[in-house]
DNA sequence: CCCCCAAGAAAGTCTTTCCTTTCTTATCAG
DNA sequence: CTGATAAGAAAGGAAAGACTTTCTTGGGGG
């Protein structure tokens with residue numbers, strides 16, 4: 001018989017991280033409308049009082065859980081040395097890292113959080129989705145520009161953002177990462193041919 | 001003094017349409033999570049019993065309201081005689097007709113409706129968003145094919161759907177119709193140049 | 001013109017869930 | 001080691017909201 005593992009009490013930042021992770025998981029599995037403070041507490045193996053010691057309202061927990069998920073799941077962007085390699089890698093990384101994030105965050109923002117926080121739609125979107133970087137500021141484009149692979153002054157922003165828009169679209173519609181084939185089609189059949197013409 | 005207008009009792013289909021319109025408006029203004037049967041009834045100037053005589057559960061009303069909105073706001077697709085004209089017209093029509101629809105429907109589907117209906121995500125999406133036609137089945141592409149403007153056998157589906165994906169993306173992210181300039185950029189800077197290469 | 005179904009109003013039941021309170025005890029800081 | 005702090009458990013108050021029931025009466029169909 002293995003000795004009964006002693007359940008230790010969690011504290012501080014570590015506990016808080018587990019609370020927010022539980023909140024996120026509830027959000028994904030049951031949705032904002034049906035999630036309760038109790039369901040979060042049970043999932044985190046603690047009690048509601050522990051939640052209320054940190055956040056005054058349910059909306060605050062949810063908002064914090066979304067921000068925490070984004071902060072703890074940063075998109076890792078490698079430097080492969082070529083524009084095509086960077087694009088494929090970054091689109092794949094975004095897809096995998098943010099697979100559920102976009103759909104859940106968007107759905108939550110537009111389904112009641114708005115009405116409860118007193119924030120404007122734009123404010124909620126900014127906090128929940130994160131501030132979008134300007135197309136020309138993306139590191140992979142800057143590097144490609146410096147290597148001479150493209151001229152940032154001449155390439156329209158519509159084109160630069162198109163691959164990211166399409167991946168984001170797929171994530172929202174399918175709730176899962178686009179296939180590698182789909183990502184390659186976006187890069188090789190849409191983006192790169194257009195870049196050649198410039 | 002104008003005589004107090006006699007408030008007449010509504011019946012049948014006409015009443016039902018007003019109930020569902022009230023449900024949709026509540027969905028847009030307060031979101032799925034905070035909408036109540038009473039708030040719908042009050043908005044429709046009637047009582048909850050009238051709702052329950054038609055739908056057994058709140059989820060059923062919401063689902064019906066979404067479908068009703070889509071059915072009563074069909075996208076009108078004109079025939080302009082050219083592929084470019086058809087595309088600009090259809091993307092504009094989709095944008096204006098479906099401006100709020102996509103965001104609200106998607107948010108609702110992923111924020112609790114799913115958990116309540118017992119349907120799979122795919123089923124809810126199909127009912128709520130409507131069955132998406134296959135790219136090659138879109139009437140404007142068929143017409144262009146028949147005129148000889150493009151060869152449907154040779155154009156990849158990724159390309160055919162790209163303009164619609166981008167517009168849908170914009171609708172979801174901005175909650176409002178993309179500008180005419182943005183639609184023209186999608187058609188003239190992205191879609192048509194790629195079609196030329198084929 | 002009359003009958004009958006359903007609209008509309010109102011009150012009520014019961015469950016859920018937000019949030020609070022209290023108490024015990026593990027753990028952290030010094 | 002010791003005192004302060006917060007975790008965890010448990011119970012419950014209060015309010016909101018889903019759904020029901022009953023009753024009155026308008027008005028559509030015959």
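Please work out which one of (1) more than 9 Å from DNA strand C (Cβ to nearest atom); (2) within 14 Å of chain B (Cβ to nearest Cβ) is the condition residue A:58 fails and give its number.
(1)
Of the residues B:22, B:49, B:41, which is more than 11 Å from every other protein chain (Cβ to nearest Cβ), over 23 Å from the mean Cα position of the chain (by Cα) and within 27 Å of residue A:35 (Cα to Cα)? Don't jump to the end; show me each part of the working.
Working: B:22 fails: over 23 Å from the mean Cα position of the chain (by Cα); B:49 fails: within 27 Å of residue A:35 (Cα to Cα).
Every option except B:41 fails the conditions.
Here are some residues: B:188, B:151, B:170. Which one is within 11 Å of chain A (Cβ to nearest Cβ) and either touching a strand residue (DSSP E or B) at 6+ places or on another chain (Cβ under 8 Å) or surrounded by fewer than 20 Cβ atoms within 10 Å (Cβ to Cβ) (or both)?
Result of the check over B:188, B:151, B:170: B:188.
Looking only at the range B:18-41, decide whether some residue is more than 25 Å from residue B:124 (Cβ to Cβ) and modelled with pLDDT under 95.
Taking every residue of the range B:18-41 in turn, none turns out to be more than 25 Å from residue B:124 (Cβ to Cβ) and modelled with pLDDT under 95.
Determine which member of the set B:94, B:76 is surrounded by 21 or more Cβ atoms within 10 Å (Cβ to Cβ) and either within 27 Å of residue B:185 (Cα to Cα) or not assigned by TED's automatic domain parsing to the domain that holds residue B:24 (or both).
B:94
Applying the selection to the range B:125-148, what residues are within 11 Å of chain A (Cβ to nearest Cβ) and surrounded by fewer than 20 Cβ atoms within 10 Å (Cβ to Cβ)?
B:129, B:132 - these are the residues of the range B:125-148 that are within 11 Å of chain A (Cβ to nearest Cβ) and surrounded by fewer than 20 Cβ atoms within 10 Å (Cβ to Cβ).
So, restricting to helices (runs of 4 or more DSSP H) that lie completely within the range A:105-198, which ones have at least 3 residues that are modelled with pLDDT of 85 or more, under 17 Å from the mean Cα position of the chain (by Cα) and more than 22 Å from residue B:108 (Cβ to Cβ)?
A:157-174
Among the candidates B:71, B:126, B:89, B:115, single out the residue that is out of contact with any helix residue (DSSP H, G or I) (no Cβ under 7 Å at 6 or more places or on another chain), without any contact (Cβ under 8 Å) to a residue 60 or more places away in the chain, away from DNA strand D (no atom under 13 Å from the Cβ) and more than 29 Å from residue B:12 (Cα to Cα).
Checking each option against the conditions leaves just B:89.
I'm trying to understand the selection: among the residues of the range A:72-104, which are assigned to a helix (DSSP H, G or I) and within 11 Å of another protein chain (Cβ to nearest Cβ)?
Hits for the range A:72-104 are A:102, A:103, A:104.
Could you please find all residues in the range B:16-59 being more than 25 Å from residue A:27 (Cβ to Cβ), more than 10 Å from DNA strand D (Cβ to nearest atom) and part of a helix (DSSP H, G or I)?
B:16, B:17, B:18, B:19, B:20, B:21, B:22, B:25, B:42, B:43
Take residue B:82 and tell me if it is more than 16 Å from DNA strand D (Cβ to nearest atom) and over 20 Å from the mean Cα position of the chain (by Cα).
For residue B:82, the condition - more than 16 Å from DNA strand D (Cβ to nearest atom) and over 20 Å from the mean Cα position of the chain (by Cα) - is met.
The values are calculated or read from the model by the stated rules, or taken from the named source; none is laboratory data. Note that the structure is predicted; figures quoted are calculated from it, not measured. For neighbour counting, all protein chains shown are included, and Cβ atoms are generated from backbone atoms with ideal geometry for every residue, glycine included.
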